[in-house]
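Chemist: Mind looking over this structure? Questions follow.
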């Protein structure tokens, strides 16, 4: 008979303790040295928009029935043309100058405009009716360059209605647009000569449709802003001054600011038709402007707003 031997299981735990050292305490690394404070960056120098010492800030705004005639090739004449109204579309073209006219030159200014005297203004603001008047800004040397070079912002390009696409016959402008002084009974009552600056636009309140097109926004005020490197002069040329330019006597030359306004009374969308008078082709017709109700501001009319050609 077989007998089972008991099986011996031996568990051996071997510990190597010879040469063992007690664990050392871990130390945190030393903190990095304190960094020197970084100086704030110097203010950016906007050299393109900086008015130099002895120069002038120039700001001219346009509102109402005014068409900006712009050369397609950059060589044609660039003017903001004030359109003459009609008996059924009465307009009041004005040059508005803040309270900065030198009284010693007031008589000569009135004479240049064919007036007996200058009209009174509200808080010194001078409002001069425009009739056959050319306007420009030059520096003290007669240089016509306003800085920066003539450029147009996206608001102007988007909001100001282009006339040429509205009638294929509007291929050229009326010859009077290029005259030194607007002729008598011309569709051009006045103009301002662009010779530089940045042109932008404010958005008119409300919307309107051009013909059968979609509802769009229009430009309320167009503004050209720039500067001259020397003291600027605002000049006019009229039927009275002939070929000579007359310098409007501002008391100060650091800021030359004027507004050219040609508003209708009463306002009506049909006044948009006046733009057709600037076309060389008399068959040109402008579409009707239909304002979308409700009117968000009384007295405004998209039909009597800034436009551009082409």
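Chemist: Just to confirm my filter: which strands (runs of 3 or more DSSP E) fall fully inside the range 41-138 and include at least 3 residues that are in contact with a helix residue (DSSP H, G or I) (Cβ under 8 Å, 6 or more places away or on another chain), farther than 24 Å from residue 262 by Cα and at pLDDT below 95?
Modeler: On the way: elements: 56-64, 66-69, 79-83, 91-97, 126-129.
The strands (runs of 3 or more DSSP E) meeting that bar number zero.
Quick grid of which residues meet (1) over 22 Å from residue 172 (Cα atoms); (2) crowded, with 21+ Cβ neighbours inside 10 Å:
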position	(1), (2)
112	yes, yes
125	yes, no
129	yes, no
146	yes, yes
162	no, no
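Chemist: Follow-up. Could you list all residues from the range 286-310 that are surrounded by fewer than 14 Cβ atoms within 10 Å (Cβ to Cβ) and either assigned to a strand (DSSP E or B) or modelled with pLDDT of 80 or more (or both)?
Modeler: 292
Chemist: Just the residues that are in a loop (DSSP other than H, G, I, E, B), buried (at least 16 other Cβ atoms within 10 Å of the Cβ) and either in contact with a helix residue (DSSP H, G or I) (Cβ under 7 Å, 6 or more places away or on another chain) or without any contact (Cβ under 8 Å) to a residue 24 or more places away in the chain (or both), please, taken from the range 169-194.
Modeler: Within the range 169-194, 170, 174, 182, 186, 187 qualify.
Chemist: Also: Given the conditions (1) under 21 Å from residue 252 (Cβ atoms); (2) free of Cβ contacts under 8 Å to residues at least 12 places away in the same chain, and given that residue 154 satisfies all but one, which numbered condition is not satisfied?
Modeler: (1)
Chemist: Right, another one. Report, by residue number, each residue of the range 236-258 that is within 25 Å of residue 184 (Cβ to Cβ) and within 21 Å of the chain's Cα centre (by Cα).
Modeler: Within the range 236-258, 258 is the sole residue that qualifies.
The values are calculated or read from the model by the stated rules, or taken from the named source; none is laboratory data. Here the structure is a predicted model, which is why all the values come from computation and not from measurement. With ideal geometry, Cβ positions are generated from the backbone for all residues, glycine too; neighbour counts draw on all protein chains shown.
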